[in-house]
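**Student:** Submitted below is the structure of interest, expressed as structure tokens.
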There are 2 protein chains.
Amino acid sequence: MLALRTHIENYTSTTLSDNDFALVAAAFTPKRLRRRQYLLQEGEVCKYFAFVLEGALRQYSVNNKGVEHILHFAVENWWIGDRESFVMLTPSPYNIDALEDSHLLLITHPQLQELMLTVPAMTRLVRELDQRNFIATQRRLHASFGSTAEERYAELQQQHPDFLQRFPQHMIASYLGVTAETLSRVRQKATRQ
Amino acid sequence: MLALRTHIENYTSTTLSDNDFALVAAAFTPKRLRRRQYLLQEGEVCKYFAFVLEGALRQYSVNNKGVEHILHFAVENWWIGDRESFVMLTPSPYNIDALEDSHLLLITHPQLQELMLTVPAMTRLVRELDQRNFIATQRRLHASFGSTAEERYAELQQQHPDFLQRFPQHMIASYLGVTAETLSRVRQKATRQ
DNA sequence: GAATACCCTTGACATAAGTCAAGAGTCCTG
DNA sequence: CAGGACTCTTGACTTATGTCAAGGGTATTC
């Protein structure tokens with residue numbers, strides 16, 4: 001729980017009063033997920049947004065040929081959930097599941113709304129996160145244009161070397177938008193040189 | 001100018017007081033751009049965010065082979081600017097230029113900050129836009145995964161049929177992340193059927 | 001209204017990446 | 001500890017898309 005407090009303080013450059021933090025703490029519900037357990041399944045409305053205290057999750061979709069595409073990974077001290085479904089209450093096209101046994105803090109949309117009214121730092125946090133998410137997603141979109149599998153892999157090595165250690169290669173491949181075979185060949189070529 | 005008022009009211013479900021709107025109006029500077037004129041050039045900091053009253057613009061980058069990739073189009077009643085550069089004051093990797101003679105309303109970052117303090121609806125507007133942008137960008141990222149040029153073209157026909165009328169095909173191709181030749185063949189195949 | 005730039009199409013060929021299939025190593029789990 | 005499920009690699013082949021080049025049409029501009 002302390003991790004959440006630190007996270008909010010860092011991302012909003014605020015020091016939370018104990019009272020404010022008590023309100024925050026009361027709004028979240030702890031939840032444990034075993035490896036492979038779902039937080040959200042395709043077709044459901046995303047009822048909870050989750051702050052990851054421990055573990056790792058992925059957000060992915062399955063196309064009409066049964067191929068999985070991973071859109072996001074989330075690890076300690078980051079958030080996961082389908083923003084669109086969470087806000088609009090529409091069925092989500094995504095699945096979210098745990099890649100490792102994980103420890104989360106959940107919050108519902110009404111609870112978050114309420115909390116944003118009572119704790120101004122939460123409003124700033126949400127705006128800050130939206131902004132960062134937008135920027136990060138735009139960068140990835142930009143990168144997906146005309147860059148080869150090789151370039152995207154090199155980029156990921158720079159940005160998230162930890163992912164390469166932590167997740168199996170076929171998931172990294174899926175995150176980069178290539179097949180496991182292609183990634184395997186890219187890596188072989190990269191290390192040979 | 002009225003278009004901006006309507007835009008804010010629609011996107012925040014608010015009715016602006018005349019006084020609030022006077023504050024908004026005072027913060028923006030009108031600007032006309034001729035076709036092909038730049039609003040932002042690669043390497044500059046994005047000093048202004050722009051609301052488009054009339055005309056059309058594009059945001060694009062040029063890769064190391066001199067190939068242009070269009071990230072966004074903006075037309076009447078929408079916004080354009082490089083959010084990351086605008087907020088972080090970092091040099092932008094993007095160009096923004098006018099595809100038609102255009103009429104804009106410009107605002108600087110300090111002016112926007114100020115306005116968000118004095119007119120609460122503006123805060124809500126910015127959050128709403130960030131959220132929509134994030135959702136839209138995430139959708140495009142999702143779509144860019146493993147879908148063919150054909151599928152992406154069909155998707156665009158659904159979402160923005162107006163773009164197809166308004167912009168030359170080689171720009172549509174660039175927006176979809178394919179070459180003009182490929183788009184030409186996709187279209188030929190689509191109409192033959 | 002001639003000259004020029006821009007735009008779209010089409011063909012021939014090259015190439016990055018996908019698909020299918022097989023095999024070997026490693027980690028779970030009963 | 002044996003069997004099965006993952007995981008990664010490698011090879012042969014296919015396919016979508018890019019590249020290069022040429023030609024014709026249509027706007028723009030002087």
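The values are calculated or read from the model by the stated rules, or taken from the named source; none is laboratory data. Since this is a predicted model, take the numbers as computed values, not measurements. Cβ coordinates were reconstructed from backbone atoms using ideal geometry, including for glycine residues, and neighbour counts include every protein chain displayed. For accessibility, only protein heavy atoms count, side chains too; no ligands or nucleic acids. Shrake-Rupley method; radii C 1.70, N 1.55, O 1.52, S 1.80 Å.
**Student:** Label the protein assembly as shown by shape, choosing from rounded, prolate and oblate, from the square roots a ≥ b ≥ c of the eigenvalues of the Cα gyration tensor; if a/c is under 1.5 it is rounded, and otherwise prolate applies when a/b is larger than b/c, oblate when it is not.
**Tutor:** Oblate shape, in that a/c is at least 1.5 and b/c is the bigger or equal ratio.
**Student:** What are the nm distances, shortest first, from residue A:89 to its equivalents in the other copies, labels at 7 Å along Cα→Cβ?
**Tutor:** 4.3
**Student:** For chain A, which longest stretch is free of loop sites, where a loop site is one of the trypsin sites (Lys or Arg not before Pro) that DSSP puts outside H, G, I, E and B and that has at most 11 other Cβ atoms within 10 Å? Don't jump to the answer; show the numbers that get you there.
**Tutor:** On the way: sites that count: A:34, A:36, A:65.
Within chain A, the longest run free of exposed trypsin sites (Lys or Arg not before Pro) spans A:66-193.
**Student:** Quick one: accessible surface of residue B:29, probe radius 1.4 Å, all protein chains present, in square angstrom to the nearest 10.
**Tutor:** The value for residue B:29 is about 70 Å².
**Student:** Now a separate question. Using square roots of five times the C-alpha gyration tensor eigenvalues, list the equivalent-ellipsoid semi-axes of region B:20-96 in whole Å, biggest first. Mind showing how you got there, number by number?
**Tutor:** On the way: eigenvalues 114, 46, 19 Å².
Over the Cα atoms of region B:20-96, the ellipsoid semi-axes are 24, 15, 10 Å.
**Student:** Which FRET efficiency value, to the nearest 0.05, is calculated for residue B:89 and residue B:190 with the Förster distance at 30 angstrom and r the Cβ-Cβ distance?
**Tutor:** Numbers: r = 44 Å, r/R0 = 1.48.
Efficiency computed from Cβ-Cβ geometry: 0.10.
**Student:** Hydropathy first: keep DSSP H helices in chain A averaging at least -1.0 on Kyte-Doolittle, then drop any whose Cα extent along the axis falls short of 20 Å, and list what survives. Can you show the working numbers first?
**Tutor:** Numbers: long enough: A:120-144 (36 Å, -0.67).
What comes out of the filter, once short or polar helices are dropped, is A:120-144.
**Student:** With every protein chain left in place, what is the accessible area per residue of region A:147-193 in square angstrom, probe 1.4 Å? Walk me through the numbers before you get to the answer.
**Tutor:** Working: 3060 Å² over 47 residues.
Spelled out: the 1.4 Å probe surface of region A:147-193, per residue, equals 65 Å².
**Student:** Can you find, among B:156, A:80, B:173, the residue sitting farthest towards the positive end of the charge dipole of the protein assembly as shown, where Lys and Arg contribute +1 and Asp and Glu -1 at Cβ?
**Tutor:** Result: B:173.
**Student:** Of all GluC sites (Glu not before Pro) in region A:131-193, which ones are in loop regions per DSSP and have a Cβ with at most 13 other Cβ atoms within 10 Å? Each step should come with its number before you reach the end.
**Tutor:** Values: sites: A:150, A:151, A:155, A:181; in loops: none.
Here no GluC sites (Glu not before Pro) fit, given the DSSP loop and packing criteria.
**Student:** Sticking with this one: Please list 3J(HN,Hα) in residue order for region A:40-55, calculated via the Karplus relation 6.51 cos²θ - 1.76 cosθ + 1.60 where θ = phi - 60°; whole Hz, with x for glycine and proline.
**Tutor:** 8, 10, 2, x, 7, 7, 6, 7, 10, 9, 10, 9, 8, 8, 7, x
**Student:** Sticking with this structure for a sec: Give me, ordered by chain and number, the residues 5 or more places off residue B:39 or on other chains with an amide H under 5 Å from its own placed amide H.
**Tutor:** It is B:96, B:97, B:98, by chain and number.
**Student:** In whole Å, largest first, what are the principal axis extents of the Cα atoms in region A:30-180?
**Tutor:** The principal-axis extents, from largest down, are 48, 29, 29 Å.
**Student:** With a 10 Å cut-off between alpha carbons and a GNM built on chain A, which of A:40, A:117, A:125 moves the most?
**Tutor:** A:117
**Student:** Using Cα springs under 10 Å in a Gaussian network model of chain A, which residue among A:87, A:67, A:178 shows the largest mean-square fluctuation?
**Tutor:** A:67
**Student:** List the lysines whose Cα lies under 27 Å from the Cα of residue A:65, skipping any in the same chain that are fewer than 8 positions away.
**Tutor:** B:189
**Student:** Tell me which GluC sites (Glu not before Pro) from region B:58-90 have a DSSP coil assignment and no more than 15 other beta carbons within 10 Å of their own.
**Tutor:** Numbers: sites: B:68, B:76, B:84; in loops: B:76.
Here the sparse-neighbourhood loop sites are B:76.
**Student:** Using Cα pairs under 8 angstrom and six or more residues apart, how large is the relative contact order of region A:15-127, in percent? All intermediate terms of the calculation are to be shown ahead of the outcome.
**Tutor:** Working: 228 pairs, mean separation 43.3, N = 113.
It rounds to 38 percent for region A:15-127.
**Student:** Counting Lys and Arg as +1 and Asp and Glu as -1, what is the net charge of the other residues whose Cβ lies under 11 Å from the Cβ of residue A:132?
**Tutor:** Numbers: positive: A:127, A:139, B:83; negative: A:128, A:130, B:84, B:130.
Combined, the nearby Lys, Arg, Asp and Glu give -1.
**Student:** Next question. Just need the relative contact order of region A:147-193 here, percent rounded to a whole number, with Cα pairs under 8 Å and 6+ apart.
**Tutor:** Numbers: 23 pairs, mean separation 16.8, N = 47.
Answer for region A:147-193 is 36 percent.
**Student:** Give me the Kirkwood hydrodynamic radius of region A:93-193, using the inverse of the mean 1/r over all pairs of distinct Cα atoms, in Å to one decimal. Don't skip to the end; give the middle numbers.
**Tutor:** Values: mean 1/r = 0.0605 Å⁻¹.
It works out to 16.5 Å.
**Student:** Hey, how many Å between the Cα centroid of region A:154-190 and the Cα centroid of region A:44-102?
**Tutor:** With region A:154-190 and region A:44-102 each reduced to a Cα centre, they are spaced 20 Å.
**Student:** Hey, another quick one. Please report, in debye to the nearest 20, how large the charge dipole of the protein assembly as shown is about its Cα centre when each Lys and Arg carries +1 at its beta carbon and each Asp and Glu carries -1 there. Don't skip to the end; give the middle numbers.
**Tutor:** Values: 42 positive and 42 negative charges, 223 e Å.
It comes to approximately 1080 debye.
**Student:** At 1.4 Å probe size, with the rest of the protein present, what percent of the exposed accessible area of region B:76-193 is carbon and sulfur atoms?
**Tutor:** Details: 2990 of 5820 Å².
With neighbouring chains kept in place, the figure for region B:76-193 is 51 percent.
**Student:** Give me the lysines in straight-line cross-link reach of residue A:31: C-alpha distance below 18 Å, same-chain residues under 8 apart excluded.
**Tutor:** By straight Cα distance, residue A:31 reaches A:47.
**Student:** OK, next. What are the nm distances, shortest first, from residue B:154 to its equivalents in the other copies, labels at 7 Å along Cα→Cβ?
**Tutor:** Result for residue B:154, in nm, nearest copy first: 3.5.
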